Amino acid sequence: MLEDQSKFQTVLEPSFKRITLIYNPSSCSWLNYADQAATEAALKAHLIDLPVEIDLIAFEPEKLGQLPQQLTANNCEAIWAAGGDGTVLALASVAKACDLPLGVLPTGTMNLMGRDLNMSLDLDQALQQLLTATVCKIDMAEVNGHPFLCVSNLGFSTRYTQMRENLRFHSGWVRWPKVARHMLGLLFKYPPKHIRLVSQGKSIRLKSRSVSITNNPLNEKGDFVLCRDHLDSGKLGVYVIRESNAWSLPRLISRLLLGNWKQDVDLISLDTDHLSLHFRHHRRVHVMNDGELMKMQTPLRYHMRARSLKILKPAALS
């Protein structure tokens, strides 16, 4: 997680009077509410004493194109996004197009962006953090023109995440055992892809079942949820599991739990500002950007857009 202000370039001290809070009623934190009206009522109870004007809007992906006009009509000075990483990613593109700063209220499942920004997972504390946050610029990454803020995954992890999302409306007692069984089955059955990785004039050919490209490199701290020390280094983190035997992927996952994953002999790890992935026998492949699955034409071309997004960096919790 980000621990000190030197890891960001501070742009200005915010003094916002009018906030637009866009919440996703389908995100993990709101699943226990009966309907959207109940979700909105619960959310308003957290906002009632805040010393700013807040316009509340439900996140509707099909209406994203109408948001800029709505934000202008509301005299919006900043956007707060309450949802998971997919919701934050969608609203980041809107914030960038409108040149507005984006605040993250982590109410999703993984909340990778919120964790890396050192946001509290408690909603009331997170709201207080955003009230005193400063505006900073962070990187956005792209693959074939599609942006991502956290991670772009290919292979095994896309199937695992898809399974988890398909079961998101089940109780945790049902969801997580099913996800665990599904993951254990895939560990040895998921077929590897033949990949050629090209970066900085070098080309590597390999077979792999798991590729992760992160917007800024990962650190080695933490448990199964890995974090980033910086969000403005201008570098991609590239992590590819070379398939040397059936145990390559299971061994790396066990190392993730132990905290020494970067020492794995089958892990290819590098930092770069651009790369391309070429696939034998695959003209299109599934790619998951910040939890959102799509099918893309190959080759996959990754680029950085350094410090292109205004984000609200929270003050440390007292």
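The values are calculated or read from the model by the stated rules, or taken from the named source; none is laboratory data. Note that this is a predicted model, so its numbers are computed, not measured. A quick note on method: Cβ atoms are made from the backbone with ideal geometry, for glycine too, and the neighbour counts reach across all protein chains shown. The accessibility values were calculated without ligands, DNA or RNA, using every heavy atom of the protein model including side chains. Shrake-Rupley method; radii C 1.70, N 1.55, O 1.52, S 1.80 Å.
Some observations on this one:
- For the stretch 265-318, the Rg and Dmax computed from alpha carbons only, in angstrom: 16.4, 54
- Distant-in-sequence amide contacts of VAL104, defined by a placed amide H-H separation under 5 Å and a gap of 5 or more residues or a different chain, comprise ALA81, LEU312.
- Relative to one another, the C-alpha centroids of the stretch 26-76 and the stretch 103-120 are positioned 17 Å apart.
- Among 142-151, 50-59, sorting by the average number of other beta carbon atoms lying within 10 angstrom of each residue, highest first, gives 142-151, 50-59.
- Total formal charge among the other residues, if their Cβ is under 14 angstrom from that of SER203, Lys/Arg +1 and Asp/Glu -1: +4
- 19 Å Cα-Cα reach of LYS202 towards aspartates and glutamates, excluding residues that sit fewer than 8 places from it in its own chain: ASP266, ASP271, ASP273
- Rounded to the nearest 20 debye, dipole of the stretch 66-150 from Cβ charges on Lys, Arg, Asp, Glu: 80 debye
- Out-of-range pairs (alpha-carbon distance over 26 Å; input LYS17/LYS310; LYS96/LYS262; LYS235/LYS295; LYS63/LYS295): LYS96/LYS262
- Ranking ARG18, ARG209, ARG307, ARG301 from most to least accessible surface, computed with a 1.4 Å probe over the protein chains only, gives ARG301, ARG307, ARG18, ARG209.
- If you wrap the stretch 214-277 in the convex hull of its Cα atoms and look at it from every side, the mean projected area works out to 4.5 nm².
- The Cα-based radius of gyration of the stretch 193-318, divided by its Kirkwood radius, gives an Rg/Rh of 0.98.
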